[in-house]
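Taking it in order: structure first as structure tokens, then the write-up.
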Amino acid sequence: MKDLSTSTSRKRVLSGIQPTGEVHLGNYLGALRQWVHMQDEYECFYVIVDQHAILGDGDPADLPTRTIDTAISLLSVGLDPEKCTIFVQSDVPEHLELQWLFNTVAPVGDLERMTQYKDKAAKYDSIPAGLLNYPVLQAADILIYRANAVPVGEDQRQHLEMTRDIARKWNARYGELFPEPDAIIPEVGRVIGLDGDAKMSKSLKNTIGILADEEETWSRIKGAVTDPKRIRREDPGRPEVCNVYSLHKLLSNPAIIPDIKEQCMTAQRGCVDCKRILFDSIIDVIAPIRKKAFYYQQHTDEVCDILKAGATRARSIAIDTLSEARDRMGLNWTSAL
Ligand code: AMP
Ligand code: TRP
């Protein structure tokens, strides 16, 4: 067996993000902040999953721009290509072959029970097979690097269980090769949308983009749903059901949170003023990110070079893992000669 041990003794991390173009505060708080922290301690791989994205109904003509914009967002939140490997999924086609190998062990019944599959499938008259197999490709993304840990948002917990299950089933049949990676999910849980929906998500148009300018950011916050029972200014509010309060807890200085709560419950501060304070907190977080993004938007060649170098690094590992998996599955027919 080939030596597939990692180049350093550090644990390996992999995570992925869809190239929606607009990275929002849900992505940032739910996942990317962790990605940045982890790059100092672990050997990290971060992939922009364009092969997953083609399942959506986006215009193919926009996908290249959305891919670059997503890379710009990743670099702007603080991922450092000297410390981690950032690349585009379709630049490492080995993920797709491993996905097929995994399709031979992934149980259809479990795939059909995935919450995200059920939600999305309900929107189709004719369900594409790729939607069912989405978590199998995700498992290949992770396991082709034999990653030990996967920092993701709460909504990905089930997909990570599926990855562990695929690793277990494949190892049981072909011998130990893949680790069962741990999902690393931050305490913030699911960041709710400005409309009060359970999830901040681009497709629901309830987001605050991390690269949005001040005017756009304020117009989004101004329109955010608060406690629906607080109709008049003098009505006391219920912070525990208020969207804006939950964002305060995630983004404002912890020292002001008791005041935000108290002033709301006693109706001393109205929702618009409370939103203005949140706006200031958000600007404090996103202003430095926007500044970096401005640089990369002017230097897209640099961004492309980073992604290409990342793909070369990632690919050399992916090729080795795939080759070992192929051998174990009897696909290396020349070994009989
Ligand atoms: P996506 O944009 O769906 O590819 O998500 C990229 C990462 O952000 C994944 O780890 C998601 O779990 C995480 N994420 C996306 N939306 C949210 C949200 N509203 N709250 C928490 N995490 C999120
Ligand atoms: N499914 C993830 C999402 O929608 C994106 C993703 C694809 C991913 N491959 C991955 C996340 C591998 C972690 C690891 O957010």
Degrees separating the helix 94-103 axis from the principal Cα axis of the chain, which is the longest one = 80 degrees
Sum -39500 (n - 2.57) across every DSSP H segment of at least 4 residues in the chain, then divide by the residue count to get the 222 nm mean residue ellipticity, nearest 500.
-> -15000 deg cm²/dmol
Cβ-isolated cysteines (cut-off 4.7 Å), the chain | 242, 264, 271, 274, 304
If the limit is 32 Å between Cα atoms, which of 202/275; 229/292; 202/249; 83/291 go over it?
-> 229/292
So how much slack lies between residue 195 and residue 123, counting 0.36 nm per residue of separation and subtracting their Cα-Cα distance, in nm?
-> 23.8 nm
Projected onto the charge dipole of the stretch 157-282 (unit charges on the beta-carbon of Lys, Arg, Asp and Glu, signs +1, +1, -1, -1), the Cα from 225, 188, 177 with the largest positive-side position is that of 225
Gain on full stretching of the segment that runs from residue 257 to residue 205 - 0.36 nm per residue minus C-alpha separation | 16.0 nm
Rank these for me by crowding, 35, 218, 333, going from fewest to most other beta carbons within 10 Å.
-> 333, 218, 35
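Per 0.36 nm of contour for each residue apart, how much would the distance between residue 305 and residue 96 grow if the chain were fully extended, relative to their Cα-Cα spacing?
Numbers: separation 209, 0.36 × 209 = 75.24 nm, distance 2.32 nm.
Full extension from residue 305 to residue 96 adds 72.9 nm.
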Hey, can you grab everything whose amide H is under 5 Å from the amide H of residue 85? Only 5+ residues off in sequence or another chain; H modelled, so Pro and N-termini drop out.
-> 44, 45, 46
With charges only on Cβ, +1 for K and R and -1 for D and E, what is the dipole size of the chain about its Cα centre, in debye, rounded to 20?
-> 660 debye
Sparsely packed chymotrypsin sites (Phe, Trp or Tyr not before Pro) within the stretch 113-161, loop by DSSP, other Cβ within 10 Å at most 11 | 124
Which of the trypsin sites (Lys or Arg not before Pro) found in the stretch 202-246 are in a DSSP loop and have at most 12 neighbouring Cβ atoms, other than their own, within 10 Å?
-> 205, 229, 232, 233
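Every number here is computed from the coordinates shown, using simple stated rules; none is lab data. Model, not experiment: these values are computed from the prediction. Counting neighbours? That spans all protein chains shown, and the Cβs are built from the backbone with ideal geometry, glycine included.
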